[in-house]
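A.B. asks: Pasting a structure below so you can have a look.
The values are calculated or read from the model by the stated rules, or taken from the named source; none is laboratory data. Everything numeric in this text was worked out from a predicted model, so none of it was measured. Every residue, glycine among them, receives a Cβ derived from its backbone with ideal geometry; neighbour counts consider all protein chains shown. Surface areas here come from the heavy atoms of the whole protein model, side chains and all, with no ligands, DNA or RNA. Shrake-Rupley method; radii C 1.70, N 1.55, O 1.52, S 1.80 Å.
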Amino acid sequence: MAFEIDIGYATAAGRKEVNEDFCAALLPAPSEQDMGCILAIADGVSTGGMGKEAAQTSVTSLVRDYFATPATWDTTVALDRIITAQNSWLCGLNKRRSPTLGLTTLTALVLKGQSYTLAHVGDTRAYLLRDGLITQLTHDHAVNHPDFQHQLLRSLGAEDHVVVDYSQGDLQVGDVFMLLSDGVYGHVPLLQLQNLSVNVGVQEASQRLLDAALIAGATDNLTAMLARVEALQEATLQDINHNAQNLPIPAKLRVGDVIDGLVVTALVADSGVNVIHQVRDPNSQTLYALKTLNPARAHDKEERAMLAHEAWLAKHMQAGRAAQHLVHVHDHLPGGKPRSAFYLLYDWHAGGTLQQRVDRGQKYTPVELVAILQQALKALGALHRQGVIHRDVKPANLHVGDDGILRLLDLGVALSGREPETMRRLHAGTPSYVNPEQWGYAVGGTAAEEELPSPQSDLYALGVTLYQMLTGRLPYGDVLPHQTGRFFRDPQSPSRVNPQVPIWLDHIALKSVARDQRQRFETAEEFLLALERGASRPVTAPPASTLLERDSAAKWKLGFAISALFNLLLIYWLLFLPK
C-alpha cells in the first residue's frame, strides 16, 4: 500500500517585523519510499539577531540530508547525526561572534512505515490528534517560571554538545500531527487546538490556529504545520522489530490450543530456538504455519531481532522475482484481528521437503533432480541479485509442493545487509553444507582466515545437496555440530556410487563441491546454464588434487618418514653389519 499523507502549514510574523520561524516538509523520491517523509519546525532566538538564519539552515539541512543517510540506519541515528553536525556548525560560527547570534529550537517528525519518530530541542512543540483527542508529545526545554518562560535551557548553537529528546510510536490512519511554535500554543488553549483541527483539512486547520492566536493577542511569530496520515506503508524492519521486542512470545502450545482465533493442529518442528506449528483458521478452514521462538528464548533480544528480520525479509522478497519460490508471510491475521503475541504466520503448502521425501523412501531419478535444482537455482539467483544470501540451503529447506513448485524455506539466518550485527557474525548454517572458505580452509590445505558467507556459499550448499541426492552420502562426510569441516580427500564420483548418474551430471556435481572455490560455479546463472545444456555441452570435472594440495603437512610427513627410514638403516648397520 502506498504511503499517503496530507500536509498543510501557515506561518506569519505576527506583530513583529521579521518572521524568525521556519518550517519545511519533504516527501521521498520514488526510489526512497522506505525512508518515509520528514517534517520540521524551528523558532529562531531573536536575542542574537540571526535567529532567522539559524532556523532556516537547521530545518533545510535536516530535511534534505535525511534522505542522504543510509537506509540501514535507525531513524533516530540518522536524525542525531544530522542535528549534531548542524549544532557543531552553528557553535563554530557563534564562537567567532560576541555575543552569540545564531540560536534556534528544532522539532522534527519522521513518518515511516507504520511508526513515527520525533526529535526535539527547545520549546517548539509536537502534538498528536487521534480519535478526537489531543496529546502533547514533546517537553519544553525552558525555565518553568512565568517571568522566564521564554528562556531556553537547550537550543541548537548554544553549546558544543546538545542533548536531543527522541520518542517513537505507532501510526494509525487518521492521525493528525501538529508542529507549533510558542506563538501559537502559548495563546490557544489545548481544547481549542483540538477543536480547531477536527473535521477540516489540514491547510484550513493551520490557518485557523494562526488566526485564533492573533485574536488572542499573540505578539510573537506564529507557525503551525499539520500532517494527516491517509494511508500507511507496509511495516518496515524497524516496525517489526519494535513489535518483536514489545509483544510477548506465545507460551508452549499444544494441539487444540487457540491463539488469536487460530487452532493449533500439529507441532511441525522444534529446534530449541524456533518452534513451528500448523494452525487452522476455523472460519475458512485454511491452514497456516506459525513460527515463533521457543518460550525458553523469550528473553533473548537478539533472537527476537533475528526473527523480526526474517519476517521483514520474507515480506520484502514477496515483491520480487523470487516470490514464486518463497513461502508467503502474512502481516495481518484472518479477519484483521490484532496479534496478542509475536510470531510469523506463513502459508501452509502440502507436499514435503526433499529430506522428508527421502526419509520416507522416495527416490529421485537424475532427470527429476535436475528439474528440482533448476527451480532452486532460479530462486537463489533472484535472491542473490537483491543482495540476499540464504546461508542454510539443504534438503530440509527445499520444499516441493503438490503443485510441483519448489520453495526455499527458512530465511532465519539469511543475510540482507539489514540483519542484526550478532547475526551477521554468527557461523550459521548446517555444518555439513558449509563451504570450505567459511571453515578457514585454503587451497593447498593450509589454514587461512575464515571468510564471510557469499552467494557462492549457497551454490556450494546446493551442490552438496545434489551430490547427496545422487549418492545418498555427503561429499566430505558428515560434520557434527561443534566440529570443523575436513577436506582432506576428493569426493568420489557420484556415477561410481550410482550408475544411473550420467557423466555430464557427474561432472556438474563434482564441480559444484570442489574444494577450491575457483573451480566451482561463480553464479547461480552459470550453474543453471550447465544443467540446461546437459550432455550437449558438458562441463569439465575438476582435476584430481595432489597429496600436497589435500594436505599441506604432507611434505613434512614424507620428510619424517625418510628420516625415520634412514635412522633405522643406520641402527641396523651399527648393530648387525661387520665392523
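A.B. asks: Of Asp34, Asp43, which residue is assigned to a helix (DSSP H, G or I) and acidic (Asp, Glu)?
C.D. replies: From the options Asp34, Asp43, the qualifying one is Asp34.
A.B. asks: Which residue pairs have Cβ atoms under 7 Å apart, sit 6 or more places apart or on different chains, and have a first residue in the stretch 104-128 that is in contact (Cβ under 8 Å) with a residue 24 or more places away in the chain and among the basic types (Lys, Arg) and a second that is open to solvent by less than 10 Å² (accessible area, probe 1.4 Å) and part of a strand (DSSP E or B)?
C.D. replies: The qualifying pairs are Arg125/Thr107; Arg125/Leu180.
A.B. asks: Would you check if Leu452 is aliphatic (A, V, I, L, M), more than 27 Å from Glu532 (Cβ to Cβ) and touching a residue at least 12 places away in the same chain (Cβ under 8 Å)?
C.D. replies: Against the criterion (aliphatic (A, V, I, L, M), more than 27 Å from Glu532 (Cβ to Cβ) and touching a residue at least 12 places away in the same chain (Cβ under 8 Å)), Leu452 qualifies.
A.B. asks: Collect the residues in the stretch 405-429 that are modelled with pLDDT under 85, among the charged types (D, E, K, R) and under 17 Å from Arg304 (Cβ atoms), keeping them in residue-number order.
C.D. replies: Arg418, Glu421, Arg424
A.B. asks: Sticking with this structure for a sec: Residues in the stretch 1-31 that are part of a loop (DSSP other than H, G, I, E, B) and without any contact (Cβ under 8 Å) to a residue 12 or more places away in the chain: how many?
C.D. replies: The number of residues fulfilling the criteria is 1.
A.B. asks: Here is a follow-up. Out of the residues in the stretch 244-255 that are open to solvent by 60 Å² or more (accessible area, probe 1.4 Å) and assigned to a loop (DSSP other than H, G, I, E, B), state the one that is farthest from Arg280 (Cα to Cα).
C.D. replies: Once the filter is applied, the top-ranked residue is Pro248.
A.B. asks: If you go through the stretch 301-340 one residue at a time, how many are open to solvent by 60 Å² or more (accessible area, probe 1.4 Å), more than 25 Å from Val258 (Cβ to Cβ) and not in a helix (DSSP H, G or I)?
C.D. replies: 1
A.B. asks: Taking the stretch 256-279 as the search range and keeping residues that are of a type outside the set (A, V, I, L, M), in a strand (DSSP E or B) and closer than 19 Å to His399 by Cα, which one is least open to solvent (accessible area, probe 1.4 Å)?
C.D. replies: His277
A.B. asks: Follow-up. Mind counting the residues in the stretch 461-517 that are over 34 Å from the mean Cα position of the chain (by Cα), more than 18 Å from Thr540 (Cβ to Cβ) and β-branched (Val, Ile, Thr)?
C.D. replies: Number of matching residues: 2.
A.B. asks: Look through the stretch 530-565, keep the residues that are modelled with pLDDT under 75 and of a type in the set (S, T, N, Q), and return whichever of them is surrounded by the most Cβ atoms within 10 Å (Cβ to Cβ).
C.D. replies: Among those that are modelled with pLDDT under 75 and of a type in the set (S, T, N, Q), it is Ser545.
A.B. asks: Does the stretch 468-515 hold any residues that are of a type in the set (Asp, Glu), under 14 Å from Pro436 (Cα atoms) and buried (at least 17 other Cβ atoms within 10 Å of the Cβ), and which are they?
C.D. replies: Asp490
A.B. asks: If I go through the stretch 339-385 residue by residue, how many of them are modelled with pLDDT of 95 or more, among the aromatic types (Phe, Trp, Tyr) and touching a helix residue (DSSP H, G or I) at 6+ places or on another chain (Cβ under 8 Å)?
C.D. replies: 2
A.B. asks: Of the residues that make up the stretch 17-26, is at least one farther than 18 Å from Met225 by Cβ and of a type in the set (Phe, Trp, Tyr)?
C.D. replies: The first filter runs over the stretch 17-26 and keeps only residues farther than 18 Å from Met225 by Cβ, leaving 17-18.
Cutting the leftovers down to of a type in the set (Phe, Trp, Tyr) gives us none.
Scanning the stretch 17-26 turns up no residue that is farther than 18 Å from Met225 by Cβ and of a type in the set (Phe, Trp, Tyr).
A.B. asks: Please enumerate the residues belonging to the stretch 445-455 that are open to solvent by 30 Å² or more (accessible area, probe 1.4 Å) and of a type outside the set (D, E, K, R).
C.D. replies: Of everything in the stretch 445-455, those that are open to solvent by 30 Å² or more (accessible area, probe 1.4 Å) and of a type outside the set (D, E, K, R) turn out to be Thr446, Ala447, Ala448, Leu452, Ser454, Pro455.
A.B. asks: Pick out the one residue from Ala235, Ala227 that is in contact with a helix residue (DSSP H, G or I) (Cβ under 8 Å, 6 or more places away or on another chain) and in a loop (DSSP other than H, G, I, E, B).
C.D. replies: Values: Ala227 fails: in a loop (DSSP other than H, G, I, E, B).
That would be Ala235, the only listed residue that is in contact with a helix residue (DSSP H, G or I) (Cβ under 8 Å, 6 or more places away or on another chain) and in a loop (DSSP other than H, G, I, E, B).
A.B. asks: For the condition over 25 Å from Gln136 (Cβ atoms), within 33 Å of the chain's Cα centre (by Cα) and assigned to a helix (DSSP H, G or I), what is the one hit in Asp80, Asp65? Can you show your working first?
C.D. replies: Details: Asp80 fails: over 25 Å from Gln136 (Cβ atoms).
After ruling out the rest, the residue left standing is Asp65.
A.B. asks: Considering only residues that are of a type in the set (A, V, I, L, M) and not in a loop (DSSP other than H, G, I, E, B), which ones fall in the stretch 478-516?
C.D. replies: The answer is Val497, Ile503, Leu505, Ile508, Ala509, Leu510.
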